């Protein structure tokens, strides 16, 4: 019978070998294509063929040395992986998994604590509380969002889940009978066309249906929510007997980085008793830098605020930071207590049981990886890197402005630059924009993604990878120019 | 300006040091108390005092060497942690975080892939598909639950989330208009008094309200759902114009390990078009052993089946395995596609986009840690350890049966033994049972938790830790006997 787990000495030896693999993998990233040239089913086939890890789709019967897993990873997994940690990854938003955070996460796995209740791991709960209080202060959210100020923070798996629990707290606040009788079909939730799809998903999950989603018009000529339009929509709904429940203001939309005017929106939401959630999943961490904090202006008026440490705060997924102004709001909506979870500490009321701040019961000691990052970099280091990325994006935007045939599709926000190619008449040339994106991505030298704005194709360049430096952004620009030149020189593409 | 992240050589050096810390921590567990003697606020105070990591609740301004984080962890975190990986942890259910799985998870962090779409990391998606197909076969679920059979598996963060998405799929299946108009208040969900609280939470999250939850009577004299009582409850609801949506059958309840008769329940659920979800979070992995597979008898008739790799399958949290018979069911209920997530691979229909199988958008490459476990142990090794734990629990139950003054409170299931102390009249003596539990736990030598059954206090002993061997269970038994002796010798406790 094999040992149930690695012995101490085996773990030491293999752990060092795995750490070395990680070090070599990260060091070797610049030499690899950002996006692998694999088609659907190729990885599955490679894993399932005779002699592979899972021949004929069967798990191995016999134990195998753990060193040999690295061979399969080298042979099949890495060549089949989009390399999000590559310094030339500019797609979506960054999903930083810094080496620093991995070491913090290793400690979390070593402790292997379930933090569902305070009593199931006091340190996991209280370290998270202290760390989130500290970040609330460093971001300038205001004392109201700290535990000492009557609010508090919690680490969720994702901004999607943060938005969902904010919605559930809002539903309970609007109508305390919600826990007993559910939703009644009159609830309404306010977003913009640029609000993240997770809000539509949260509305669906919560049983409201898509009809509950009100898409509020933007300030003309921008992508940002119009507070006046919001006021109009809410008043019309109230007049129709409907119940405004939640307004989601976004700081840095996924499409173009638009920033909804939280300060203007807050009194409108408050006038109708609706919960104001600020989704700053990507951009919110900019609040660490005083000169960038304007993006979260008005956040002190919100009921909840979310920003992802696993995006631009260099912390491995998952670590979405959510703060609420009322520490009782999430437990009031989410608590369910069976006998086997009862304990003296919970009943004393002196502790936080984070299971009541989230949908799942179980939870990992996620604060450790975030702690490792702020320990190793300090706020000075975090600010320096945010500033470096913003400066590189500003430089890229300057290049775009100076270059004929390409324009900024929207005002740049922090590290996000949206651009598109234009024809001789100055109008968008979707075919060229799309072709340039496809050529950049298939080159393997860099990776960018797209959105559609006003019906036209846009290339998004999201600068923010922990390994991304100004030189990588420069190289991307040169690649964009070269590919655009090739596309135009050879173009028989249909024009829009 | 500090480096944005550790250099390759720094990571190599620190990584080895952190691995060594983990090795030493695990090796030293038997010498530490399972539950720390800390009170509410003590960890937070220790972290916030002058000279500590977060003096006055502020984050550090300056970078600090990452080695020094280990000092804080040693000084404050470990002494404030309930040690779930301790071999004498018998509380709740095991939350195994094997060293093997930590190495797999380290690779996941190194790749740092977001697996939301196939195209955002083909290997993360296809490895998960292949691995879950393999486990479906190894567990005897039947080909219908594999991707090649038209179903498929997905790794969720927890069984709570698995139950929630099963419920959402069920709501959509019962009434396709659900995505547009939400729930209508007529939906009903069927559970027992022993069903996990996550079902009540899922019903609340989904907007149904507690009134939607029907608690079905057990087979008399047991804790298992009565199929006849279920049939009666469903028929009455239908007659009243209500809509049965989902039945949750539990294999191994948290309280006492009760097993609902899936084979008898399935036709009742099917007769009313209700979704049958089998929550086998803890016990389901026993299906790997042919002689234990009877606990999941009838699973082939279910619509979905969930078992947690992070409980008794030695894989670090989070890794809850969910299978559905219809691969289209979850995407049909959960898909929301904004422009920036559109891509050719998704539109080809040839790939799985796992974001549509879960509530959050983002997801980690969780298959790697599970792969590491099955690679290192093989099915042979996994079965051997499950059998070892079951044998130790059987031996413990034998001890209980042979000892005067203590009885089994429910039939043992797999690794779970429920016991209570009785008075001279043979009736339960809650005061003694409670006092014994408190003395065992405060001794630091072992940790057990409780439930209440038929209104009386019960000690649960969950055998299943990766480091737990027969000798640890023997030692627990001796400790229980010694503490019971002390309690009875000194007792001035009020008798029930």
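Test residue A:286 against the criterion of being within 21 Å of residue A:98 (Cβ to Cβ) and free of Cβ contacts under 8 Å to residues at least 60 places away in the same chain, and give yes or no.
Spelling it out, it is not the case that residue A:286 is within 21 Å of residue A:98 (Cβ to Cβ) and free of Cβ contacts under 8 Å to residues at least 60 places away in the same chain.
So residue B:136 clears everything in (1) surrounded by 24 or more Cβ atoms within 10 Å (Cβ to Cβ); (2) in a helix (DSSP H, G or I); (3) in contact with a helix residue (DSSP H, G or I) (Cβ under 6 Å, 6 or more places away or on another chain); (4) at the interface with another protein chain (Cβ under 7 Å from one of its Cβ atoms) except one condition, right? Which one?
(4)
Given the criterion facing another protein chain (nearest Cβ under 10 Å), at pLDDT 95 or above and touching a strand residue (DSSP E or B) at 6+ places or on another chain (Cβ under 7 Å), identify the matching residue among A:393, A:367.
When all the criteria are applied, what remains is A:367.
For the structure I just gave you, tell me whether residue A:75 is at the interface with chain B (Cβ under 7 Å from one of its Cβ atoms) and surrounded by fewer than 23 Cβ atoms within 10 Å (Cβ to Cβ).
no
Condition first: closer than 30 Å to residue A:6 by Cα and in contact with a strand residue (DSSP E or B) (Cβ under 7 Å, 6 or more places away or on another chain). Can you find one or more residues in segment B:68-81 that meet it?
Checked segment B:68-81: no residue is closer than 30 Å to residue A:6 by Cα and in contact with a strand residue (DSSP E or B) (Cβ under 7 Å, 6 or more places away or on another chain).
Scan segment B:8-28 and give yes if some residue there is outside any helix (DSSP H, G or I) and either modelled with pLDDT of 95 or more or in contact with a helix residue (DSSP H, G or I) (Cβ under 8 Å, 6 or more places away or on another chain) (or both), otherwise no.
no
Only one residue in A:378, A:426 is surrounded by fewer than 20 Cβ atoms within 10 Å (Cβ to Cβ) and assigned to a helix (DSSP H, G or I). Which one?
Going through A:378, A:426 in turn, just one is surrounded by fewer than 20 Cβ atoms within 10 Å (Cβ to Cβ) and assigned to a helix (DSSP H, G or I): A:378.
Under the condition of being crowded, with 24+ Cβ neighbours inside 10 Å and over 23 Å from the mean Cα position of the chain (by Cα), which residue from segment B:117-126 is farthest from the other protein chains (Cβ to nearest Cβ)?
So the residue we want is B:117.
Please work out if residue B:460 is part of a helix (DSSP H, G or I) and either free of Cβ contacts under 8 Å to residues at least 60 places away in the same chain or in contact with a strand residue (DSSP E or B) (Cβ under 7 Å, 6 or more places away or on another chain) (or both).
no
One line per residue, one yes/no per condition, for (1) more than 30 Å from residue B:376 (Cα to Cα); (2) outside any strand (DSSP E or B); (3) in contact with a helix residue (DSSP H, G or I) (Cβ under 7 Å, 6 or more places away or on another chain):
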site: B:110; (1), (2), (3): no, yes, yes
site: B:113; (1), (2), (3): no, yes, yes
site: B:118; (1), (2), (3): no, yes, yes
site: B:125; (1), (2), (3): no, yes, yes
site: B:132; (1), (2), (3): no, yes, no
site: B:176; (1), (2), (3): yes, yes, no
site: B:185; (1), (2), (3): yes, yes, no
site: B:190; (1), (2), (3): yes, no, yes
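Please verify whether residue B:114 is facing chain A (nearest Cβ under 7 Å), within 21 Å of residue B:447 (Cα to Cα) and modelled with pLDDT of 95 or more, treating the condition exactly as stated. So that I can check it myself, show each step before the final result.
Numbers: facing chain A (nearest Cβ under 7 Å): yes; within 21 Å of residue B:447 (Cα to Cα): no; modelled with pLDDT of 95 or more: yes.
It is false that residue B:114 is facing chain A (nearest Cβ under 7 Å), within 21 Å of residue B:447 (Cα to Cα) and modelled with pLDDT of 95 or more.
Out of the residues in segment B:327-347 meeting the condition of being more than 9 Å from chain A (Cβ to nearest Cβ), touching a helix residue (DSSP H, G or I) at 6+ places or on another chain (Cβ under 8 Å) and in contact (Cβ under 8 Å) with a residue 60 or more places away in the chain, tell me which one is surrounded by the fewest Cβ atoms within 10 Å (Cβ to Cβ).
B:332
Please specify each residue of segment A:19-35 satisfying the condition of being under 14 Å from residue A:78 (Cβ atoms) and facing chain B (nearest Cβ under 7 Å).
Across segment A:19-35, the qualifying residues are A:22, A:25, A:26, A:27.
Taking the stated definitions as given, is residue B:106 without any contact (Cβ under 8 Å) to a residue 60 or more places away in the chain, under 22 Å from the mean Cα position of the chain (by Cα), surrounded by 24 or more Cβ atoms within 10 Å (Cβ to Cβ) and over 30 Å from residue A:184 (Cα atoms)?
On the way: without any contact (Cβ under 8 Å) to a residue 60 or more places away in the chain: yes; under 22 Å from the mean Cα position of the chain (by Cα): yes; surrounded by 24 or more Cβ atoms within 10 Å (Cβ to Cβ): yes; over 30 Å from residue A:184 (Cα atoms): yes.
So residue B:106 passes the test.
Over 23 Å from residue B:363 (Cα atoms), part of a helix (DSSP H, G or I), facing chain A (nearest Cβ under 7 Å) and touching a helix residue (DSSP H, G or I) at 6+ places or on another chain (Cβ under 6 Å) - does that describe any residue in segment B:139-159?
Scanning segment B:139-159, I find no residue that is over 23 Å from residue B:363 (Cα atoms), part of a helix (DSSP H, G or I), facing chain A (nearest Cβ under 7 Å) and touching a helix residue (DSSP H, G or I) at 6+ places or on another chain (Cβ under 6 Å), so the answer is no.
Could you tell me which of the residues A:474, A:483 is more than 14 Å from chain B (Cβ to nearest Cβ) and over 27 Å from the mean Cα position of the chain (by Cα)?
Within the list A:474, A:483, the selection yields A:483.
Are any residues in segment B:200-236 in a strand (DSSP E or B), buried (at least 17 other Cβ atoms within 10 Å of the Cβ) and within 14 Å of another protein chain (Cβ to nearest Cβ), and if so, which ones?
B:213 - this is the single residue of segment B:200-236 that is in a strand (DSSP E or B), buried (at least 17 other Cβ atoms within 10 Å of the Cβ) and within 14 Å of another protein chain (Cβ to nearest Cβ).
Hey, among B:312, B:282, B:323, which residue is under 17 Å from the mean Cα position of the chain (by Cα), more than 13 Å from every other protein chain (Cβ to nearest Cβ) and either over 18 Å from residue B:189 (Cβ atoms) or surrounded by fewer than 24 Cβ atoms within 10 Å (Cβ to Cβ) (or both)? Break it down stepwise before answering.
On the way: B:312 fails: more than 13 Å from every other protein chain (Cβ to nearest Cβ); B:282 fails: more than 13 Å from every other protein chain (Cβ to nearest Cβ).
Being under 17 Å from the mean Cα position of the chain (by Cα), more than 13 Å from every other protein chain (Cβ to nearest Cβ) and either over 18 Å from residue B:189 (Cβ atoms) or surrounded by fewer than 24 Cβ atoms within 10 Å (Cβ to Cβ) (or both) holds for just one of B:312, B:282, B:323, which is B:323.
Taking the condition modelled with pLDDT of 95 or more, more than 30 Å from residue A:345 (Cα to Cα) and in contact with a helix residue (DSSP H, G or I) (Cβ under 7 Å, 6 or more places away or on another chain), does residue B:104 pass?
The answer is yes for residue B:104.
For segment B:43-72, how many residues meet the condition of being more than 8 Å from every other protein chain (Cβ to nearest Cβ), in a helix (DSSP H, G or I) and on the phi > 0 side of the Ramachandran plot?
Total satisfying the criteria: 1.
Scan (1) within 25 Å of residue B:380 (Cβ to Cβ); (2) within 7 Å of chain B (Cβ to nearest Cβ); (3) without any contact (Cβ under 8 Å) to a residue 12 or more places away in the chain for the single condition residue A:40 breaks and write down its number.
Result: residue A:40 fails condition (1) only.
Quick check on segment B:93-103. Is at least one of its residues more than 20 Å from the chain's Cα centre (by Cα), more than 8 Å from chain A (Cβ to nearest Cβ) and part of a helix (DSSP H, G or I)?
No: zero hits.
The values are calculated or read from the model by the stated rules, or taken from the named source; none is laboratory data. The structure displayed is predicted, hence computed values, not measured ones. Methodologically, a virtual Cβ is constructed for each residue, glycine included, from the backbone with ideal geometry; neighbour enumeration extends over all protein chains shown.
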